[in-house]
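See structure below.
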Amino acid sequence: MNKSSFEQNGGSYRMVGDYKIPNITLPAEARKPLGVWGLKRKDYLMQHKRVQFNIMLMNGTLWTHLAEIDEQASNMFSQLVEQMKVNEGITEQLKADNQMKWVAHMNNIEARARECVCSELIYN
């Protein structure tokens, strides 16, 4: 009996009733917990880049990619917030003197930093 191309390439089957089911497993991938940026990237890939998501999932590179994006985005966000605080003169003294003004400025800075990170790393 001729072997199928799947069997010729090292694949095997198991019998379930009268049917041959291929023994297929995904490659093992190191799973590091994801933060908010990695999860956003995952959602973006699932919704807008379905083919790329599935290819990375099958290759076993998805989780590594998401962990790298998560780390890069976290670093970028922190750096952007710090740079914007320095450029706009947002200090601890302002926080002590006028807390509501400080909170308003910080919310604005963080929103702009989130937008930059998303456009550069997450939705790219």
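Taking amide H as placed 1.01 Å from N in the peptide plane, the amide H of residue 13 sits under 5 Å from that of 23, each at least 5 places away or on another chain.
Once R0 is set to 30 Å, what does the formula 1/(1 + (r/R0)^6) return for the Cβ-Cβ distance between residue 108 and residue 39, expressed as a FRET efficiency to the nearest 0.05?
On the way: r = 24 Å, r/R0 = 0.81.
Efficiency, from the Cβ-Cβ distance: 0.80.
Charged side chains reduced to their Cβ positions (Lys and Arg at +1, Asp and Glu at -1) give the range 31-122 a dipole of some 420 debye around its Cα centre. Helix 62-88 and the longest principal axis of the Cα set of the chain meet at an angle near 10°. Counted residue by residue at 0.36 nm each, then reduced by the alpha carbon distance between them, the extension gain from residue 9 to residue 120 reaches 35.9 nm. In the chain, the calculated helix contribution to ellipticity at 222 nm averages -20500 deg cm²/dmol per residue, counting -39,500 (n - 2.57) for every DSSP H run with n ≥ 4. Considering only alpha-carbon pairs that sit under 8 angstrom and 6 or more positions apart, the relative contact order computed for the range 31-122 is 33 percent.
Against the chain, whose longest principal axis is taken from its Cα atoms, helix 36-48 shows a tilt of about 50°.
Please say if the range 43-82 is rounded, prolate or oblate, where rounded means a/c under 1.5 for a ≥ b ≥ c the square roots of the C-alpha gyration tensor eigenvalues, and otherwise the choice is prolate for a/b larger than b/c and oblate otherwise? Taking the square roots of the gyration eigenvalues as a ≥ b ≥ c, the range 43-82 is oblate.
None of the figures in this text is laboratory data; all of them are computed from the coordinates on show. The structure displayed is predicted, hence computed values, not measured ones. Ideal geometry is used to build each Cβ from the backbone, glycine not excepted, and the neighbour counts take in all protein chains shown.
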